[in-house]
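Asker: Have a look at this one before I ask anything.
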Amino acid sequence: MLRCCLIPAWLVLFAVSWLRAATPLDNARHAQALLGPGIWSQLIEIENVAPGSRYPAVVHALVFEFVGILWFYTDADGTQSFSTHRDNLAAEKADFAPLLRDIDPGFKRWRVLPMSPAAPPEAGRPLQNGCFIESLAIARARVLAGRPLRAARLLSYYMNEGATRIGHTVLIHETGGRVEVFDPGRPGTPLSFPRHMAGEPIVLARALERREIALARFLALESESVAG
């Protein structure tokens, strides 16, 4: 599971007015707008019947396709992989039921919500626990603006805080012999590292966070994932 919860203190006051007003459904719709029509996605409403579940009785989530598998976003948990097998997209898109049960046994019933009229994402609005989607969205925006990215990848990494494992995702690409990083938690902050770190996800993650990293991995962006 990938959670975007590493928000610097200076950003909290800026973000709080948005996040207080936004409902889980609002955030799922905002996530869909960030991804844009070029990425297959469905907004779903799930009925959760499990007593004592960490999820509420009604859950709003966004399911989307990326690098050949399905992903599942909620504003409570961020983004996690949804597919259980590779090369099974047609069957998984046709029936979410087994995939939902794998996330929570209480997810018994669900329905697809109609897509809102096409609208651009709200400028300046952070997506709650949305680092994975925001990183993907900035890559698409760069390509659509005619500024292609060389060796673009998502870097997802995990840190332990007591008994809790926290995840975060950033966008990286190579330019001018360096590795540049876009961190949704630090928008506008230039982050650049030696190119040799481009092949070592855990080393790059440690340099970004300046703390111990439990696990890190790269996810390469295929051309169809970031083009219109």
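The values are calculated or read from the model by the stated rules, or taken from the named source; none is laboratory data. Note that the coordinates shown come from a computational prediction; the quantities given were computed from them, not determined experimentally. A quick note on method: Cβ atoms are made from the backbone with ideal geometry, for glycine too, and the neighbour counts reach across all protein chains shown. Note: accessible area is taken over every heavy atom of the protein model, side chains too, but ligands, DNA and RNA are not part of it. Shrake-Rupley method; radii C 1.70, N 1.55, O 1.52, S 1.80 Å.
Asker: For the peptides 181-189, 133-141, what is the packing order when you average, over each peptide's residues, the other Cβ atoms within 10 Å and list the highest mean first? Before the final figure, lay out each step's value.
Answerer: Values: 181-189: 16.8, 133-141: 22.9.
Highest to lowest by the protection proxy: 133-141, 181-189.
Asker: Using protein chains only and a probe of 1.4 angstrom, how many square angstrom of Tyr158 are accessible, to the nearest 10?
Answerer: 20 Å²
Asker: Next up: Highest mean first, what order results for 93-102, 195-204, 50-59 on Cβ atoms within 10 Å?
Answerer: On the way: 93-102: 14.0, 195-204: 16.3, 50-59: 12.5.
Ranked by mean Cβ neighbours within 10 Å, highest first: 195-204, 93-102, 50-59.
Asker: Rounded, prolate or oblate, given the Cα gyration tensor of segment 27-97, with a/c below 1.5 counting as rounded? Could you put the intermediate results ahead of the total?
Answerer: Working: a/c = 2.08, a/b = 1.31, b/c = 1.59.
It comes out oblate by the Cα gyration axes.
Asker: When the chain is fully extended, how far beyond the present Cα-Cα distance does Asp95 get from Phe193, taking 0.36 nm per residue of separation?
Answerer: Values: separation 98, 0.36 × 98 = 35.28 nm, distance 4.32 nm.
So the chain would gain 31.0 nm between Asp95 and Phe193.
Asker: Among Ala163, Gly185, Phe107, which residue has its Cα positioned farthest towards the positive end of the charge dipole of segment 87-210, with +1 placed on the Cβ of Lys and Arg, -1 on the Cβ of Asp and Glu, and the dipole taken about the Cα centre?
Answerer: Gly185
Asker: Turning to a different aspect of this structure: Taking the Cα atoms of segment 95-193, report the difference between the largest and smallest coordinate on each principal axis, in whole Å and largest first.
Answerer: Answer, in whole Å and largest first: 51, 43, 24 Å.
Asker: Mind checking the full-extension length gain between Glu174 and Met115? Use 0.36 nm per residue of separation minus the Cα-Cα distance, one decimal, nm.
Answerer: On the way: separation 59, 0.36 × 59 = 21.24 nm, distance 3.56 nm.
Length difference between fully extended and current span is 17.7 nm.
Asker: For Leu215 and Gln42, compute 0.36 nm times the residue count separating them, minus their Cα-Cα distance, and round to one decimal in nm. Don't jump to the answer; show the numbers that get you there.
Answerer: Working: separation 173, 0.36 × 173 = 62.28 nm, distance 2.98 nm.
Working it through step by step, the gained length comes to 59.3 nm.
Asker: Now for a different question. Report Rg (one decimal) and Dmax (nearest whole number) for segment 147-228, counting Cα atoms only, units Å.
Answerer: Rg and Dmax of segment 147-228, Cα atoms, are 12.9, 42 Å.
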